[in-house]
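Before any comments, here is the structure.
What follows is calculated from the coordinates using simple rules that are stated; it is not laboratory data. It should be emphasised that the depicted structure is a prediction, and the values quoted were computed from it without experimental measurement. FYI the Cβ positions are ideal-geometry reconstructions off the backbone, even for glycines, and counts take in every protein chain you see.
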Amino acid sequence: MLILLLCSTYIKLVKAKQVGYIESVGSAIALLQSKGMWLSDGFIRQALRLSGELP
């Protein structure tokens, strides 16, 4: 169940940037973390790569 939640979050963040709902996946991740959501470094790197924010 946790993996499904993380995949859903990952996909939604990247899609939100693609359609212009958010400017930065990195900023959205930082906000989620500030609210107590734990995300692994690997998850963060993959989301940033897919969104084009990390080479």
Item to check | First in the stretch 12-37 and among the hydroxyl-bearing types (Ser, Thr, Tyr), second anywhere and not in a loop (DSSP other than H, G, I, E, B), Cβ under 8 Å, 6 or more apart | outcome: 24/17
Next on the checklist: For the stretch 7-25, give me each residue that is in a helix (DSSP H, G or I) and out of contact with any helix residue (DSSP H, G or I) (no Cβ under 6 Å at 6 or more places or on another chain).
Outcome noted: 7, 8, 9, 11, 12, 15, 16, 18
